[in-house]
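The values are calculated or read from the model by the stated rules, or taken from the named source; none is laboratory data. What you are looking at is a predicted structure, and each value in this text was computed from that prediction instead of being measured. Note that each Cβ is placed from the backbone with ideal geometry, even for glycine, and that neighbours are counted across all protein chains shown.
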Amino acid sequence: MAFGGFDQNKGGGHTVAEINMIPLIDVMLVLLVIFMITAPLMTHAVKIDLPKASSVPQQPSDDPIALSVDGEGKLFWNQEQIDRTVLNQRLADIALSPQQPELHIRADQNVPYHFVAETLADAAKAGVSKIGFVSEPEKK
């Protein structure tokens, strides 16, 4: 299956005018697989702006508990400053009551998110099921 014979005196070497497509197709398929694998991994870098909350005033059913988090992350239970251990005890107490009161979380807009997340995690661990966020309506 040789292209030329052993006789080199005849006509010399001639060039092949065809392009071999097999390596090109192989490279394109490898690139396609790489892009298919890496494209879903790049979605975590999407920057989003969280929406403003448009709140509707509601009438509280019973006497709700106001849990406030100020800008420095200090916790207030009905305007009384408490620490996290006291918060966990009080959350456990209201989780065990037969008529669970509503827990209204009021967080300062400048508080770091991890303080609010820790407070929600503590309430979830204690078993509090009626949790709401208090916000101000948007100004038009």
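Observations on the model:
- Filter result for residue 57 (at pLDDT below 85, loosely packed, with under 10 Cβ neighbours inside 10 Å and under 21 Å from residue 125 (Cβ atoms)): no
- Residues in segment 71-103 that are under 12 Å from residue 119 (Cα atoms) and in a loop (DSSP other than H, G, I, E, B): 73, 74, 83.
- Of all residue pairs spaced 6 or more apart or on separate chains, those with beta-carbon atoms under 9 Å, a first member in segment 77-95 that is small (Gly, Ala, Ser) and a second member that is surrounded by 13 or more Cβ atoms within 10 Å (Cβ to Cβ) and assigned to a helix (DSSP H, G or I) are 92/126; 95/123; 95/126.
- When 106, 84 are checked against the criterion of being under 21 Å from residue 63 (Cβ atoms), among the charged types (D, E, K, R) and out of contact with any Pro (no Cβ under 7 Å at 6 or more places or on another chain), a single residue qualifies: 106.
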